[in-house]
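The structure appears right after this line, and notes come after that.
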Amino acid sequence: MKQNTIAIIYDFDGTLTPKTMQEYTLLPKLGVKSKSFWDEISQEVSKTGAETMMVYMRQLLDHAKNKNIRISKDEFLKMGRDIKYYSGVEKWFTNINSYIRKISKNDVNIKHYIISAGHAEILEGISIKKYIKKIFASEYYYRGKVAVFPKIVVTDTTKTQFIFRINKGKEKLSQSINEHMPEADRPIPFDNIIYIGDGMTDVPSMALIKKSGGHSIAVFKKNNKEQIEISKNLYKAQRVDFIAPANYNQNHPLFNKTCLLLDFMVAKIRYNLQIKD
């Protein structure tokens, strides 16, 4: 197999956006304050030992039901338009794609993926979706047009399933990824993958990719001491190749350092292709 594709995988909340998608969309619609909402979820998780995302998705439906608000797929889709991004995000994909074409002389392809614990239904409506090969995220089951219970729940650890799907080229959830696949047969080997995330919820994904020969990056909100400290600790623990402020514009540290990684990866791909020839 010609393994000449690079994948960049992004977390969403806090990585591409300053706030969680719920703070731009669902919570204002439901008239719920962010802190009290998450505090309520934390209390239930602590009391019952339930999985955080399951509690979160159910509580959203409870709040909607209590206020007689029906959440449909169409409503979710519209909410995607309200997402606000970090500076440079909406030009990032075009800039990175152009850079890959330039340095590889079109010998190397690049694909962008999002793996998020947030709502797939909202992410389907975001402005940057046209640049994304595939979005993996949590989803509701619908009765008619109304969300009634969680169908797919993405957690910190289950994110790694989708990394294997990208690695093996089995992106449909109906496809099993459990059978052994030789490394040489995998469309996107781990050392052709970059993961970009913002915090502790990304550790399982970062650790998997780093241990498997790939690369990861931690981003943080500028001047946010807590996020900076988390990123520094991830770097010290060798979870990430580097850390940078979440500014996605050209000629800023994140773009420049990502390009250094891409230089290395493209050179290795071109070398391996020549060896095989």
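The values are calculated or read from the model by the stated rules, or taken from the named source; none is laboratory data. On a predicted model such as this, the values are computed, not experimentally measured, just so you know. Because the Cβ atoms are built from the backbone with ideal geometry, glycine has one as well, and the counts that use them run over all protein chains shown. Just the protein is used for accessible areas: all its heavy atoms, side chains included, with ligands, DNA and RNA removed. Shrake-Rupley method; radii C 1.70, N 1.55, O 1.52, S 1.80 Å.
In the set (1) touching a helix residue (DSSP H, G or I) at 6+ places or on another chain (Cβ under 7 Å); (2) surrounded by fewer than 15 Cβ atoms within 10 Å (Cβ to Cβ), E183 fails one condition alone, (1).
In this structure, D62 does not qualify as open to solvent by 80 Å² or more (accessible area, probe 1.4 Å) and either among the aromatic types (F, W, Y) or in a helix (DSSP H, G or I) (or both).
For region 135-157, filtered to residues that are open to solvent by less than 70 Å² (accessible area, probe 1.4 Å) and β-branched (V, I, T), the residue that is nearest to H63 (Cα to Cα) is V148. Over 19 Å from E121 (Cα atoms), free of Cβ contacts under 8 Å to residues at least 24 places away in the same chain and of a type in the set (D, E), is that true of E51? Against the criterion (over 19 Å from E121 (Cα atoms), free of Cβ contacts under 8 Å to residues at least 24 places away in the same chain and of a type in the set (D, E)), E51 does not qualify. Consider region 182-236 and keep the residues that are aromatic (F, W, Y) and touching a strand residue (DSSP E or B) at 6+ places or on another chain (Cβ under 9 Å). The one that is farthest from I269 (Cα to Cα) is F220.
If you go through region 76-108 and keep only what is touching a residue at least 24 places away in the same chain (Cβ under 8 Å) and of a type in the set (D, E, K, R), you end up with K78, R81, D82, K84, E90, K91, D107. Every listed requirement among (1) on the phi < 0 side of the Ramachandran plot; (2) at pLDDT 90 or above is met by V32 save one, (2).
Screening the candidates T160, T201 for the property of being under 26 Å from E121 (Cβ atoms), in contact (Cβ under 8 Å) with a residue 60 or more places away in the chain, open to solvent by 20 Å² or more (accessible area, probe 1.4 Å) and within 15 Å of the chain's Cα centre (by Cα) yields one hit, T201.
Scanning region 234-266 for residues that are closer than 16 Å to I96 by Cα and free of Cβ contacts under 8 Å to residues at least 40 places away in the same chain yields a total of 6. If you go through region 208-227 one residue at a time, do you hit one that is open to solvent by 70 Å² or more (accessible area, probe 1.4 Å) and either among the acidic types (D, E) or more than 22 Å from G14 (Cα to Cα) (or both)? The answer is yes, given that some residue of region 208-227 is open to solvent by 70 Å² or more (accessible area, probe 1.4 Å) and either among the acidic types (D, E) or more than 22 Å from G14 (Cα to Cα) (or both).
Only residues that are open to solvent by 20 Å² or more (accessible area, probe 1.4 Å), polar (S, T, N, Q) and closer than 25 Å to Y85 by Cα were counted in region 234-277, giving 5. Filtered by the rule that a residue be open to solvent by 70 Å² or more (accessible area, probe 1.4 Å), closer than 22 Å to S72 by Cα and assigned to a loop (DSSP other than H, G, I, E, B), region 30-56 gives a lone residue, K33. Regarding region 99-109, can at least one residue be identified that is among the acidic types (D, E), touching a helix residue (DSSP H, G or I) at 6+ places or on another chain (Cβ under 7 Å) and open to solvent by less than 40 Å² (accessible area, probe 1.4 Å)? Within region 99-109 (the criterion being among the acidic types (D, E), touching a helix residue (DSSP H, G or I) at 6+ places or on another chain (Cβ under 7 Å) and open to solvent by less than 40 Å² (accessible area, probe 1.4 Å)), the answer is no, since none of the residues qualifies.
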